[in-house]
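See structure below.
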Amino acid sequence: MKNKFSLLNIINFFSITLLIVFISYVFIDFKVIFKSLEDIQKAKIEEYLKAKSSIIAPLIKYGFNGLTKEELKKLDENIKYIKIKTSTFTYEKGLKKNLKIIKLPLYYSNEKLGEIEIGYNDSGLLKKFSNKYFQKVTIYLIFVLVLFFVVYIFLRNKLSNLNRLAQKIEKINYRKIKQIELLDNYYEIKNITKSINHLLNQINNFYLHQKTLIKKLFLFKKQLETAQKIAKMFTWEYNCENDEFLAQNFHMKKKLGFKNFDEFLNSLNNKERFFHEVKKACKENNEFEILLKVENKEFYFRVQGKTNLKQNKKNVIGVFIDITDEIKKQEQIKYLAYHDPLTGLINRMYLKEQLELLLNITKRNNKKLALVFIDLDNFKFINDTFGHDIGDSLLVEVSKKLQNSIRRSDLISRIGGDEFILVLNNIKNKSDVEEIMKKIKNGLQTPIYILNHKLETTFSAGISIFPDDADDTEDLLKFADIAMYESKKQGKNRYIFINEELKKEIKKYYLLVDELKNALKKDHELILYFQPKIDINSKKVSGVEALIRWQHPQRGFLTPNYFIDIAEKANLVSLIDDYVLEKGIKTLKKWQNDNYLNNLTLAINISANKFNENNFIEQLKYLINQYKINPEKLQIEITETLCMQNVYHTIKMLNEIKSMGIKIALDDFGTGYSSLNYLKKIPFDVLKIDQTFVKDLLEDKDDLTITKMIVEISKILNKINVAEGVENENILNLLSDLGVSIIQGYYFSKPVSEEELKKYIISFDYKNYI
Ligand code: C2E
Ligand code: MG
Ligand code: MG
């Protein structure tokens with residue numbers, strides 16, 4: 001950089017000034033000296049003239065002109081001109097030109113005689129002086145100038161080296177710092193260069209350190225950004241002093257289409273609450289967490305904030321976490337928890353909640369409400385015949401039809417397989433409900449076409465009315481359910497309002513359930529009866545089936561028909577099975593030491609509920625070990641229908657049961673739509689032909705054909721077959737001809753007590769039956 005006041009310019013200026021001053025001084029000095037010399041010479045000449053005047057004045061006075069002239073010839077050599085003019089004497093010698101003139105009056109005593117004028121030459125003196133003066137001054141001047149020049153060159157050189165150094169420093173790039181090479185060995189420059197290099201070294205180290213730090217920082221920033229992106233969050237800050245919001249890594253911009261953070265903040269539906277919390281945190285030092293939603297968009301954020309003191313400045317810092325997915329999942333979970341995934345209708349749980357609310361409103365408005373329990377009549381058949389996919393599609397279509405038949409303010413729910421519940425709001429009386437029921441019936445009457453299948457379905461319904469029949473959810477549901485069962489009982493395809501008679505039956509039902517529960521706790525009310533099974537080939541009683549009976553204190557001797565369905569509905573059947581299993585196994589244990597009974601196999605009926613319990617296998621193992629029975633003598637009867645419900649699970653379970661040595665019988669065979677393909681995979685031992693086919697075997701050709709087929713199947717699959725419900729000799733003979741090996745039925749014996757069984761076996765003679 002060039003500067004007027006650079007040191008070099010100052011030195012240049014200073015040197016020229018000094019030179020001028022010095023020369024001027026010499027010149028002025030010379031002039032002063034010269035003038036002094038002139039004055040001295042003039043004084044000297046005047047002095048000389050005065051002395052000469054005193055000599056020549058008397059000579060002139062007294063007329064000695066000759067002597068005067070003689071005297072005037074002896075004048076100082078510097079006096080080149082002289083003129084004396086008196087009244088008596090005149091004398092002139094020399095030329096005046098280029099001479100300094102001095103005029104003096106010529107006195108003798110006090111009498112002025114005339115005038116004396118002389119001219120003298122001062123050049124000699126001057127020459128002499130100036131020669132000497134200039135000689136000295138020149139030597140001195142040359143010396144000073146040389147010295148000055150040397151110093152000037154030296155300083156100039158050093159200064160320009162300093163300038164070059166400055167230029168080099170100026171060119172230094174902090175990214176590529178190199179050491180400055182030494183420009184000069186001069187002490188100061190050397191020192192400065194050394195110090196600068198030292199400084200450069202430090203700057204370089206500092207720069208490299210900073211660079212790695214910045215790199216790390218950048219990496220951390222990137223990582224933080226990525227982490228925040230993954231965590232779907234960004235940080236924010238609020239400056240309490242200047243009321244300013246700031247967001248870092250605001251990556252929602254693109255996603256949500258906002259220009260900036262402020263625009264985003266303004267789009268939040270609950271922003272006032274957020275701003276309030278922020279301001280509060282500015283005042284009170286606290287933390288907060290709130291949930292915010294972007295207006296008109298399905299985006300949710302959990303916002304956390306906290307007061308932060310930074311160098312005595314207060315601000316609020318926090319995070320915005322995108323919890324849209326979480327909320328959506330929650331909503332989905334809530335939806336799944338409250339809806340039937342197949343039809344999208346609300347489920348039982350949600351229906352109950354909504355019904356609760358509706359009841360309150362209806363009560364307040366003094367209105368009525370009807371609860372309709374609907375069950376499709378032939379759904380099981382459709383499902384079994386056309387498959388589950390078509391069954392599902394049918395349910396969806398039915399749900400649509402039901403929805404179309406009710407009002408918007410009504411509720412519709414699917415609460416199980418083919419069961420729907422409608423809540424009809426704001427009704428005045430039964431006829432209002434009947435109107436809607438007719439509409440539903442008409443709607444469902446038109447066939448539904450699914451994959452070229454024409455499906456026709458009817459329904460049975462039960463209706464209860466609030467507040468006429470009941471004033472709470474549970475009772476309304478219970479009554480509608482019972483009424484629906486009554487519709488089924490009365491031949492399906494109808495609806496029935498709950499009535500006093502039915503209510504009484506329900507009471508009875510609950511009473512019976514209670515009694516059954518009590519009976520299960522006791523040991524003597526529920527007893528096992530045994531029905532013998534006769535082996536046609538060996539002509540002996542080969543085994544028995546344990547069948548439960550209830551010795552009711554008031555109602556008398558009850559068969560399972562009376563209570564097994566109720567037990568199933570009230571979830572008590574599994575307890576009954578536990579009871580029978582333990583009692584049966586105990587009995588088997590007892591028979592092991594009885595010569596008449598120790599060869600019998602004992603078959604125990606197991607319900608679907610029991611079979612599907614997780615610990616069923618464990619329970620069997622436990623009982624066998626506990627009572628140390630021969631498992632080969634134990635037979636488990638499960639129905640064909642249960643077997644086909646979940647074939648692979650059944651196969652797994654049955655394999656485990658069989659591995660214990662226990663035998664397996666498929667009960668009520670022929671009623672359960674078995675697939676032969678599956679049947680061959682199921683590990684069972686005995687196939688029990690259902691009594692519905694056996695009963696009419698002689699009259700019904702179809703039953704005969706079916707029975708023949710079942711016997712064939714059992715032979716192909718190499719299983720033992722048993723015919724149930726054999727009531728007479730003719731049937732026995734026919735079955736025997738068909739190749740049935742074991743017979744169970746009233747013809748041989750009804751189910752009997754243990755005591756009677758023993759007697760029966762002791763006195764048993766096959767010949768008595770043929
Ligand atoms: P199931 O297992 O098919 O039992 C055969 C049923 O047929 C028995 O009825 C039996 O008395 C009846 N029966 C046998 N031979 C004849 C006959 O020649 N004519 C007629 N009309 N009926 C005959 P029960 O004892 O009333 O049992 C009915 C059903 O109750 C049983 O059918 C079984 O499914 C169930 N059950 C009985 N005891 C138990 C039990 O301890 N546990 C479970 N889970 N269910 C049981
Ligand atoms: Mg059975
Ligand atoms: Mg049976």
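The values are calculated or read from the model by the stated rules, or taken from the named source; none is laboratory data. Everything quoted here is computed from the prediction, not taken from an experiment. Note that each Cβ is placed from the backbone with ideal geometry, even for glycine, and that neighbours are counted across all protein chains shown. Note: areas computed on protein heavy atoms with side chains; ligands, DNA, RNA excluded. Shrake-Rupley method; radii C 1.70, N 1.55, O 1.52, S 1.80 Å.
The calculated P(r) of the range 341-498, using every Cα pair and 5 Å bins from 0, goes 2, 10, 20, 23, 21, 13, 7, 3, 1, 0 in percent. At the residue level, Phe13 shows approximately 140 square angstrom of accessible surface with a 1.4 angstrom probe and all protein chains present. Out of Ala470, Thr446, Ile498, whose Cα points farthest toward the positive end of the dipole of the range 341-498 (charges: +1 Lys, Arg; -1 Asp, Glu; placed on Cβ)? The one lying farthest along the dipole's positive direction is Thr446.
Under the √(5λ) rule applied to the eigenvalues of the Cα gyration tensor, what semi-axes describe the equivalent ellipsoid of the range 609-665? Give them in Å, descending. Kindly include the intermediate steps, with their values, before the conclusion.
Working: eigenvalues 80, 29, 17 Å².
Those come to 20, 12, 9 Å.
The Rg/Rh ratio of the range 494-551, with Rg taken over Cα atoms and Rh as the Kirkwood radius over Cα pairs, comes to 1.30. Within the same chain, lysines fewer than 8 places from Lys259 are excluded, and of the rest, those with a Cα less than 23 Å from its Cα are Lys221, Lys222, Lys229, Lys232, Lys271, Lys293, Lys297. When all C-alpha to C-alpha distances in the range 287-429 are sorted into bins of 5 Å, what percent of pairs does each bin hold, rounded to whole numbers? Going from the shortest bin to the longest, the percentages are 2, 8, 13, 13, 11, 11, 10, 9, 7, 5, 4, 3, 2, 2, 1, 0, 0. Note on the chain: Cα convex hull, mean projected area over all directions, 78.5 nm².
Which semi-axes, in whole Å and largest first, does the equivalent ellipsoid of the range 614-770 have when worked out from the alpha carbon gyration tensor as the square roots of 5 times its eigenvalues? The partial results should precede the final answer.
Numbers: eigenvalues 152, 105, 27 Å².
Values for the range 614-770, descending: 28, 23, 12 Å.
The length gained by stretching the chain between Leu155 and Gln592 to full extension, at 0.36 nm per residue less their Cα-Cα distance, is 144.0 nm.
Of the chymotrypsin sites (Phe, Trp or Tyr not before Pro) found in the range 585-675, the ones in coil according to DSSP and having at most 13 other Cβ atoms within 10 Å of their Cβ are Tyr673.
Overall dimensions of the range 232-327, expressed as equivalent-ellipsoid semi-axes from the Cα gyration tensor (√(5λ), whole Å, largest first), are 23, 14, 12. Ordering Asn308, Ile333, Ser405 by Cα displacement along the dipole of the chain toward the positive end leaves Asn308 in first place; charges were set at the Cβ atoms of Lys, Arg (+1) and Asp, Glu (-1). Loop-located GluC sites (Glu not before Pro) in the range 681-770 (DSSP state not H, G, I, E or B) with no more than 16 neighbouring Cβ atoms inside 10 Å: Glu699, Glu727. Just to verify a number: FRET efficiency for Glu287 and Thr692, C-beta to C-beta distance, R0 = 45 Å, to 0.05? With a Förster radius of 45 Å, E is 0.05.
Dividing the C-alpha radius of gyration of the range 412-472 by 2.2 N^0.38 Å, with N its residue count, gives 1.36. Positive end of the dipole of the chain (Cβ unit charges, origin at the Cα centre): among Leu581, Ser54, Phe274, the Cα lying farthest that way belongs to Ser54. For Gln330 and Lys221, a Förster radius of 35 Å and the Cβ-Cβ distance give a FRET efficiency of 0.60, rounded to the nearest 0.05.
Rg and Dmax, both from the Cα atoms of the range 172-317 and both in Å, are 24.6, 79. Considering the chain, which cysteines have no disulfide-compatible partner, defined as another cysteine with its Cβ under 4.7 Å away? Lacking a cysteine Cβ partner under 4.7 Å: Cys643. Using the 1.4 Å probe convention, the accessible area of the range 7-142 works out to 68 Å² per residue with neighbouring protein chains retained.
Only Cα sites of the range 447-492 enter the Debye sum here, all with the same form factor; the resulting log10 I(q)/I(0) across q = 0.24, 0.34 1/Å is -0.77, -1.07, listed in q order.
Quotient of the Cα radius of gyration of the range 7-142 and 2.2 N^0.38 Å, N being its number of residues: 1.59. With helices as the sole contributors, the chain gives -17500 deg cm²/dmol at 222 nm; each DSSP H run of n ≥ 4 counts as -39500 (n - 2.57), and the sum is divided by every residue.
Mind ranking 314-327, 106-119 by how tightly packed they are, going by the mean number of other C-beta atoms within 10 angstrom, highest first?
Packing order, densest peptide first, comes out as 314-327, 106-119.
Between Phe22 and Ala51, what FRET efficiency follows from the Cβ-Cβ distance if R0 is 51 Å, with the result rounded to 0.05? Between Phe22 and Ala51 the formula returns 0.75.
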